[in-house]
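The values are calculated or read from the model by the stated rules, or taken from the named source; none is laboratory data. Here the structure is a predicted model, which means the values were calculated and not measured. Methodologically, a virtual Cβ is constructed for each residue, glycine included, from the backbone with ideal geometry; neighbour enumeration extends over all protein chains shown.
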């Protein structure tokens, strides 16, 4: 049976395994800066225009995401008991770690997932037949699903994320989390395997959309990498990494 515990372990392995980047480059960086490193974006800074501008992408990746990596490395360096803990373990057991670890491990994981959820607008594609059927079964139509997702993202108070997950009943569900939490964490109100996640922190959209979060949420669908999301859905249903 597909369980939340299975979803947590599988979801972490499934997504992080594909985001390691160049092993040699990452290992060299790790030796210099700590066990956790920031992989390059899988596309150019301007690849998501006009939906997300190049300046936002550069700041978001090179400054914000890098800060989560640096702060997580600093927290690990300050406590020898954390030296051999993996990012998967930090996320899965986030509630047992200090806020500096929970927040920065979450920030590192969430952003790695986020970059891989997006692609250039002309490459966005469509959900697989299986995922499209599941969306229609739960939400009625793709338009209704996107409206529900946008509503949840707009309603997230303050900073946070909005997600589409496979829950422990093998069903699609929209949920949101505060700050840098995610549905794989033991502290999440609703747990499951993330398929799709959008960052609703203001730094993700403020330069282009200012305070118009709803405008950003609506435009964001133009850069969703539906091939990646569909592969995650298939892996979640088949309990494969």
Check your understanding: Consider residue 126 against the criteria (1) surrounded by fewer than 19 Cβ atoms within 10 Å (Cβ to Cβ); (2) closer than 25 Å to residue 42 by Cα; (3) within 16 Å of the chain's Cα centre (by Cα): it satisfies all of them except one. Which criterion is unmet?
Key -> (3)
Check your understanding: If the Cβ limit is 6 Å and pairs must be 6+ apart or interchain, which residue in the stretch 201-224 that is under 18 Å from residue 61 (Cβ atoms) pairs with which residue that is outside any loop (DSSP other than H, G, I, E, B) and at pLDDT below 95?
Key -> 216/209
Practice item. Sort through 166, 138 and tell me the only one that's surrounded by fewer than 19 Cβ atoms within 10 Å (Cβ to Cβ) and touching a strand residue (DSSP E or B) at 6+ places or on another chain (Cβ under 7 Å). Key: 138
Practice item. Would you check if there is a residue in the stretch 16-33 being within 28 Å of residue 190 (Cα to Cα), part of a helix (DSSP H, G or I) and modelled with pLDDT under 95? Key: yes
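Mind checking which residues of the stretch 188-209 are part of a loop (DSSP other than H, G, I, E, B) and surrounded by 15 or more Cβ atoms within 10 Å (Cβ to Cβ)? First the steps, then the outcome.
Of all residues in the stretch 188-209, those part of a loop (DSSP other than H, G, I, E, B) come to 188-192, 200-201, 205.
Listed by number, the residues that qualify are 188, 190, 191, 192, 200, 201, 205.
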Check your understanding: Any idea which of (1) closer than 20 Å to residue 200 by Cβ; (2) assigned to a loop (DSSP other than H, G, I, E, B); (3) touching a strand residue (DSSP E or B) at 6+ places or on another chain (Cβ under 9 Å) is the one residue 47 doesn't satisfy?
Key -> (1)
Review point. When residues of the stretch 210-239 are filtered for being within 19 Å of residue 115 (Cα to Cα), over 15 Å from the mean Cα position of the chain (by Cα) and not in a helix (DSSP H, G or I), how many remain?
Key: 0
Practice item. Could you tell me whether residue 112 is part of a strand (DSSP E or B) and either more than 16 Å from the chain's Cα centre (by Cα) or within 27 Å of residue 38 (Cα to Cα) (or both)? Key: no
